[in-house]
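Since the structure comes first, as C-alpha cells, the remarks are kept for the end.
The values are calculated or read from the model by the stated rules, or taken from the named source; none is laboratory data. The shown structure was predicted, so the numbers you read here are calculated from the model rather than taken from an experiment. Here the Cβ is made from the backbone with ideal geometry for all residues, glycine too, and neighbour counts use every protein chain on show.
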Amino acid sequence: MEQNRNWGCEAVFYQIYPLGLCGAPFANDGVQEHRILKVIDWAEHIAKCGCNAVYFSPVFESDTHGYDTRDYCRIDVRLGTNEDFKQVVDAMHANGIRVVLDGVFNHVGRGFPQFRDVCEKKWDSPYRDWFITNFDGNSCYNDGFWYEGWEGHYELVKLNLRNPAVVSHILDAVRFWVEYFGIDGIRLDVAYSLDFDFLRTLRRFTDSLRPDLLLIGELLHGDYSRWVNPEMLHSATNYECYKGLYSSFNSLNMFEICHSLKNRFGPEQWCMYRGMHLLCFADNHDVTRIASILNNPAHLPLVYTMLFGMPGIPCIYYGSEWGAKAEKKDGDPALRPCFEKPEFNDLTALISRLAEAHKSCKALCYGDIKIPVLTNQQCILQRDFEGERVFVAINASDQPYTAHFDAGYGLADDFVTGGTHDFGGGSLLEPLSCHIWRCK
C-alpha cells in the first residue's frame, strides 16, 4: 500500500457542510445569495485548529440537501456563484489549507436536466440509458416508467456508470473542478455503491490530470482493500473504528477500540489494513455529534486524543471542535446547522495541540501500532516509525493510574501538557487524562 501514499497521509481534515453552515434554505428556492463567501472568514479558524485540509460536503446545484445534484459544474445558487467559490478555495490555499470536494457520482436529483428529459420524452429521450430504467413499470412519482433509486430513495436517481456518456460527463466535471477551482481531492459519496470499473477509470483519469489528487471513498462495512488500492482509491472513511471510538468510553471498555485498532493496523502480516491511511472521525454530517453521544463530557478530550493518536487521517466536523451538540434522531438538518462564527475554547485549544502533534510526528502518520498497556479504563498506544517512538496514553477512570511498561526511553515531550514526561518509576496518569508523548 505504500505506493498509494498521498499528501493526505500527513493531513488533518476539517469538514464543513456548506448549505448548513451558510444558512441556506433546505429546498432550492432559485434565489441567488452569495452565502458561500462566509466560509472565507473561517479559514483563519481552521488553520488555528491545526487543520491543513478542508472537506466540503456538496456545493453544486441541487434540489435540496446537496446530494441530489442538478448540475456538477455550477455552485448551488443558494451558496453563490462559481466565482464566489473560487475565492473560497483561494482563501483556503492562502492559509495553507488544501481543498477536497464531495463527488456525488452514484446518483443525481430528479431536477437533473437529463433525467427531466427522460421524464418528458420517455423512450424517445437520448438520455434514457443514463439511468437504470424500465418502461414497462412506473415510479412512486407516477413518471410512467420505473427507475432505480439509491437504496430505495427515489428522489436520488441512480446513474448508469456503465454508460460511457455518463462517465465522460462526470470526468468533464472533475476536470473543471481541478482546472478552474484548483481543488486538491475528491471525497466520493457512497463509494461502496460505485461501479469498480468506474472507480478505476476515475483513478487513471485523475492520476493523468493531477497525480497528487486525493481520492477518498465513503465506505461503511466490508473489506476496505477492495476499494482502497493503487488502482482505485487512496483512502476511505473509517466507519469500522468509529463506533468503538465513543462506545469504548461509554462502556469503560478500552478493549473494544484497541482490539479494532490492533486487528486492522497492527504489525502482523495478517492485520487487515496495514499501510492504509483511512479518514478517521468522531462525528460527521450523518451521525450524532460526539458531545451528545458521550455519557461523560469529561471523556471528550480523551476521545479526540485517541482520534489523533490512532492510525489514520483525523477529521474534525465543524462545530464539534468546541463541543457543539446535535442528535441524529432530530433529523439531518440538526446535524448540519448554521453557526454565525467559530468558537475557540479549551477543547479547541487541545485539538490544535493534537493536530500539531499529528503533523509533526511521522510515527503518528505512518507508524504501526502496539498496545503495551491495556485495562478496562486505561490504554497506552505505541506508534513507531523510522526510529521515532510516540505513546498515546488514556485514563478514562476518575481515579489515578500508574502504568508500568518498558518505554525504551527515559524521557518524552508531552504534546498535551507542553512539559516533559519521565518514564522512570512508572507513568502516572491523572484521573480523566490524556497524553501524547514523543520519546527523546
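Values computed for the structure shown
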| quantity | calculated |
| --- | --- |
| Qualifying residue in the range 422-436 (condition: surrounded by 15 or more Cβ atoms within 10 Å (Cβ to Cβ), at pLDDT 95 or above and acidic (Asp, Glu)) | no |
| Leu374 being modelled with pLDDT of 95 or more and not assigned by TED's automatic domain parsing to the domain that holds Ile97 | yes |
| Candidates Leu161, Leu188, filtered to the one that is in contact (Cβ under 8 Å) with a residue 12 or more places away in the chain, closer than 24 Å to Leu279 by Cα and not hydroxyl-bearing (Ser, Thr, Tyr) | Leu188 |
| Residues (buried (at least 24 other Cβ atoms within 10 Å of the Cβ), over 22 Å from Asp422 (Cβ atoms) and more than 23 Å from the chain's Cα centre (by Cα)) located in the range 345-396 | Ala396 |
| Test: residue in the range 32-40 that is part of a helix (DSSP H, G or I), of a type in the set (Asp, Glu), in the same structural domain as Phe281 (by TED's automatic domain parsing) and surrounded by fewer than 19 Cβ atoms within 10 Å (Cβ to Cβ) | no |
| Top-ranked residue of the range 64-85 - restricted to ones that are of a type in the set (A, V, I, L, M, F, W, C) and not in a loop (DSSP other than H, G, I, E, B), ranked as farthest from Asp29 (Cα to Cα) | Phe85 |
| The range 244-298, residues that are among the hydrophobic types (A, V, I, L, M, F, W, C) and free of Cβ contacts under 8 Å to residues at least 24 places away in the same chain | Trp270, Cys271 |
| Criterion: modelled with pLDDT of 95 or more, in contact with a Cys (Cβ under 7 Å, 6 or more places away or on another chain) and assigned to a helix (DSSP H, G or I) - qualifying residue of Pro301, Pro314 | Pro301 |
| Selection from the range 397-415 of residues that are in contact (Cβ under 8 Å) with a residue 40 or more places away in the chain and surrounded by 20 or more Cβ atoms within 10 Å (Cβ to Cβ) | Phe415 |
| Lys122 vs. criteria assigned by TED's automatic domain parsing to the domain that holds Gly149 and free of Cβ contacts under 8 Å to residues at least 40 places away in the same chain | yes |
| Matching residues in the range 109-155 - criterion: being within 18 Å of Glu61 (Cβ to Cβ), basic (Lys, Arg) and surrounded by fewer than 17 Cβ atoms within 10 Å (Cβ to Cβ) | Arg116 |
| Where Leu79 falls short, out of the listed (1) out of contact with any helix residue (DSSP H, G or I) (no Cβ under 8 Å at 6 or more places or on another chain); (2) in the same structural domain as Gly66 (by TED's automatic domain parsing) | (1) |
